[in-house]
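Bear in mind that the values in this text are calculations on the coordinates, not laboratory data. Everything numeric in this text was worked out from a predicted model, so none of it was measured. A quick note on method: Cβ atoms are made from the backbone with ideal geometry, for glycine too, and the neighbour counts reach across all protein chains shown.
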Amino acid sequence: MTTAETPNDALAATSRRPPRLFYGWRVVGGAFVLAVFGWGVGFYGPPVYLSVVHDRTGWPLTLISTAVTVQFLIGALVGANLPALHRRSGVAPITKASALLLAVGTLGWAMASAPWQLFVAALLGGVGWGGMSAAALNAIVSPWFARGRPAALGMAYNGGSIGGVVFSPLWVAAIALLGFPAAAAVIGAVVAVTIWLLADILFRKRPEDLGLMPDGDAAGTRTSITAPGARRRPGALLWRDFGFLTLAAAMAFGLFAQIGLVGHLFSLLAPVLGAQQAGLAMGLATALAIAGRTITSSLMKLGADRRLVGCASYAAQMLGSLAFIAAAGTSVPLLLVGIVLFGLGFGNATSLPPLVAQVEFVDEDVPRVVALIVAIAQAGYAFAPATFGLIRELAPQAGVAAPGLFATAALLQALAILALAVGRRA
């Protein structure tokens, strides 16, 4: 026998339903996928393309490496202008166009039959990569979160690390199975279609379009965690701001060391650990990067000094570089210690600077600040692998120990710590 449901029963049933997921977390999920594809194709892809194009054409490695550098530099230029592009055309259209250009540029890498075609492909790929890189993730996620931005950005940036884990072996396997042109066409099509749909479904909306506030707060409230001393820095005034300059310097020094070291670490580990174990060690560093970023973003309190958090992260990496020096190319335990320490700070080098910008600059300036510091860092690290390669060539007798290379990384990481420390606001 059943009884009619009373209003109180209905109210009780409603109260037992789980609360709806804040829409911003769906946007974070979309940004995570964007990072997987953007980093997997635009950042982790070119080192694989370099080897394949060299084997196919016989062109000098210097020429092909220059094309890789051009792609990264163009990406930096586009990233610096991303806030203006988003204001003019909208986040969704720019993101869709970026995915399409990245796919076309990748296909151009695969089909280039003359050096000039390779540089056209690098130009197109760079424009696409710039529209899907760290500045784009910040622009997509930040409007939805204020207090919860560390966790949200950390989750989105983890997609870039996953992109490296997935796409580095995927490119090698797909090219071996299908050939470079077919692999580029298939992967590029998947990227373009997926990001196109995500942009239409998720990135076109803004919190105000849905009557929502950042962090899911009640309508009519405005959440900001900007420090009391922050002032507006329009136009050229930003370039005279000591906080901006030190933040940009810290990110540039840190990522230059990081990208330069990553570009050579496998070849330094393989003679000691063996190729398979060296690959596993690189995978461990990536996994620790994800863990380090996740732990840092989830445990960072609202009022924490984010510059000091960044100093601690760079200090872990610097200790890792010193452990590599102490290993002298022979001590496996010290090499593993170096990998662990380096990996734990790896992910924060990208995600922490935008979080520092959030508290040091007014909300209106944050997108431009983040776009510029990311662009400066990216323009710098485009030259990192070549620079670290030159350091190795200048001391060939050091072999796999490479103390000069690791000492350079440690020095750059120390400079990143110094830049963050001297830029702290009273």
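Highest mean packing first, where packing is the average number of other Cβ atoms within 10 Å per residue, the peptides 254-266, 236-248, 180-192 line up as 254-266, 180-192, 236-248.
A compact globular protein would have a Cα radius of gyration near 2.2 N^0.38 Å; the ratio found for segment 314-376 is 1.54. For segment 52-174, the fraction of C-alpha pairs farther apart than 24 angstrom is 35 percent. With contacts taken as Cα pairs under 8 Å and at least 6 residues apart, segment 90-183 reaches a relative contact order of 25 percent.
For the peptides 127-133, 156-162, 292-298, the ranking by mean Cβ contacts within 10 Å, running from highest to lowest, is 127-133, 156-162, 292-298. Placing a pseudo-label 7 Å from each Cα along the Cα-to-Cβ vector at residue 111 and residue 386 gives an inter-label distance of 2.8 nm. In segment 225-426, one over the average inverse separation of all distinct C-alpha pairs is 17.4 Å, which is the Kirkwood hydrodynamic radius. Placing +1 on the Cβ of each Lys and Arg and -1 on the Cβ of each Asp and Glu in the chain, which of 246, 408, 119 has its Cα farthest towards the positive end of the resulting dipole? Toward the positive end, the furthest listed residue is 246. Dipole check for the chain: with +1 at the C-beta of Lys and Arg, -1 at the C-beta of Asp and Glu, and the Cα centre as origin, the magnitude is about 660 Debye. For the chain, the Kirkwood hydrodynamic radius from C-alpha pairs, put into Stokes-Einstein at 10 °C and a viscosity of 1.306 mPa s, yields a diffusion coefficient of 71 µm² per second. When the charge dipole of the chain is built from unit charges on Cβ atoms (+1 for Lys and Arg, -1 for Asp and Glu) and taken about the Cα centre, the candidate among 287, 198, 138 whose Cα reaches farthest toward its positive end is 138. The residue list 417, 367, 177 was ranked by how far each Cα lies along the charge dipole of the chain toward its positive end, using unit charges on Cβ atoms, and 367 comes out on top.
Relative protection proxy for 278-288, 350-360, from highest mean packing down: 350-360, 278-288 (other beta-carbon atoms within 10 angstrom). Each Cα pair under 8 Å and six or more residues apart adds its separation to the average, and for the chain the resulting relative contact order is 22 percent.
Ordered by the number of other Cβ atoms lying within 10 Å of each residue's own Cβ, fewest first, 49, 23 fall into the sequence 23, 49.
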